[in-house]
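This report concerns only the one structure given below.
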Amino acid sequence: MNSFKTIKLAIIGIGSVGSSVLKIFQKNKKIIEEKCGCRIEIKTVCDKDPSKQKLIFNGTKFTTNYNEVLKDPEIDIVVELIGGIHPAYEIISESVKYGKHIVTANKAVLSEHWDKIFLLANKYNKTIYFEAAVAAGIPVIQSLNEGLAGNNILSITGILNGTTNYILSLMTQQKCSFDTALKRIQNLGIAEADVSYDISGYDTACKLSILSSLGYSSWVKLKDIFIEGIEDIELQDIFFAESFGYKIKLLGHSGIYKNKYFFEVRKFLVPKNSVFANINNEYNGILIEGSNCGKIFFAGKGAGGFAAASAVVSDIICIAKDIINAVGGRAQYVEYIPKKLDILNIKENEGYFYLRFITLDKAGVLAKIANILGRYNVSIASVYQKEPLLKLRRGVPIILLTHKTKEKNLISAIKKIKNLDVVLKPSVYIKIFSE
Ligand code: HSE
């Protein structure tokens, strides 16, 4: 232990993660210091809400003005936990310019400004650690960045959002509606301040962008990711999927198809024997395929104050050790490489699909649908006419599973099917995940 040196931190943002970090320090300070090899002090805590002052202890200073932190020459590490893009981006970049290392849990700012943030860190020889930005307590960033560095990464797929996974788990297990499930999870401290970031797939896309940028050594921008959320999920599809041996999960999925990279966030039917099928509630699961290591699966709590704080505290320890050993910022944690990937439009990709139509219950309906699908080269693997979950006033559900098909062709066929007079409601199609 270097008892002459004290590393000083400032924490900006005392929400569920920030307050958990404070509690961990309160409880485990001695163990943390042993791991760092030096003394460690939370010098300042900053939050725009003055009532958060009641959470601090042992002479830590409180401020509502983050500029005080940035300009304090004694602060070695700024821990940014406010989330969102502004003023988080300004806090991170100004802190680096003022000579501070950064720990952040902020997936939005990293996915939006990956290039600028890492170029700046490089220029000022500062380190930016961000383990908590993806999958909270699961050390997937370090694994991808360091442990799997000896591989070409071939695919990255994950349940990356605890909130949507909790909603889908409740709908599956308790057959409750989307709205009921959403209400039930809103007080658990896992959803974003604006829950639409979770349910629209945006949060998953930010995390997929970060993992892919590390894995494929090129900044994968949000605009290159096809993003669909779970807002339109219907209980009947969960129910039908189950009856065929599948569960519905929101996955961030990326990989290589015909030498091009693809990135998508969408609902998938996952087979019940898939590694993803039993990842429930706020848990996340990530499957990474490397050219040499094969497939590796990570699972654990992907949301929640303490799960994320676990990663934040680990990052603080890593940086503190680097500072003590006088290597902090000398080697970049992430090199920004201005390489362009060849990106595939997701609709050009092929996949297997689940289709649901609500149609009149009369002879010849299936033939009409099958005829259009055939014209667009969509081949049917199986057909089911299921009892509706709730009695419909008019119509019956017809469920089809397809063979491998180009999504573009399927969309064209569905557009035509919509115009059939026997089809009563908009059709639903969901991709099927195959490992
Ligand atoms: N709202 C996020 C989630 C928090 O539900 O996964 C963790 O990033």
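The values are calculated or read from the model by the stated rules, or taken from the named source; none is laboratory data. From a predicted model like this one, the values you see are computed outputs, not experimental measurements. Cβ placement follows ideal geometry from the backbone for every residue including glycine, while neighbour counts extend to all protein chains displayed. Protein only, heavy atoms only, side chains kept; ligands, DNA and RNA dropped before computing areas. Shrake-Rupley method; radii C 1.70, N 1.55, O 1.52, S 1.80 Å.
Things worth noting here:
- With R₀ fixed at 41 Å, the C-beta to C-beta distance from N122 to E68 puts the FRET efficiency at about 0.95.
- Model label zone, I296; criterion: amide N under 15 Å from point 7 Å along Cα-to-beta-carbon; scope the range 246-289: 286-289
- Electrostatic dipole magnitude of the range 140-301 [Cβ: Lys, Arg +1; Asp, Glu -1; Cα centre; debye, to 20]: 400 debye
- Mean shadow area of the chain, taken as a quarter of the surface of its Cα convex hull (nm²): 22.0 nm²
- Fully extended contour minus Cα-Cα distance, from S16 to R184, at 0.36 nm per residue: 58.7 nm
- Based on protein heavy atoms only, the chain ends up with 43 Å² per residue of surface accessible to a 1.4 Å probe.
- Placing a pseudo-label 7 Å from each Cα along the Cα-to-Cβ vector at S379 and A326 gives an inter-label distance of 6.8 nm.
- Contour excess over end-to-end distance, with Cα ends at L420 and K48 and 0.36 nm allotted per residue: 128.3 nm
- Cα shape, the range 1-150, gyration tensor, a/c 1.5 rule: rounded
- Inter-centroid distance (Cα atoms) of the range 233-301 relative to the range 102-134, Å: 27 Å
- Couplings 3J(HN,Hα) of the range 210-216, computed from phi: 5, 4, 5, 4, 6, x, 9 Hz, in residue order, whole Hz [Karplus 6.51 cos²θ - 1.76 cosθ + 1.60, θ = phi - 60°; x for Gly and Pro].
- Leading residue at positive end of dipole, the range 227-283 (Cβ point charges), from G255, A277, F240: G255
- Normalised by the number of residues in the range 140-301, the average gap of Cα pairs under 8 Å and 6 or more apart makes the relative contact order 34 percent.
- Peptides 195-204, 79-88 ranked from most to least packed give 195-204, 79-88, packing being the mean of other C-beta atoms within 10 angstrom over each peptide's residues.
- Value of [θ]222 nm, deg cm²/dmol, for the chain, DSSP H segments ≥ 4, -39500 (n - 2.57) each, nearest 500: -10500 deg cm²/dmol
- The Cα center of the range 186-213 and the Cα center of the range 416-435 differ in position by 27 Å.
- Residue separation of A149 and K258 scaled by 0.36 nm, minus their Cα-Cα distance, works out to 36.9 nm of gained length.
- Surface accessible to a 1.4 Å probe, R184 within the full protein complex, Å²: 120 Å²
- Alpha carbon centroid spacing (whole Å) that separates the range 312-349 from the range 6-75: 24 Å
- Projected label distance in nm at K408 and F57, using a 7 Å step from Cα toward the beta-carbon: 6.1 nm
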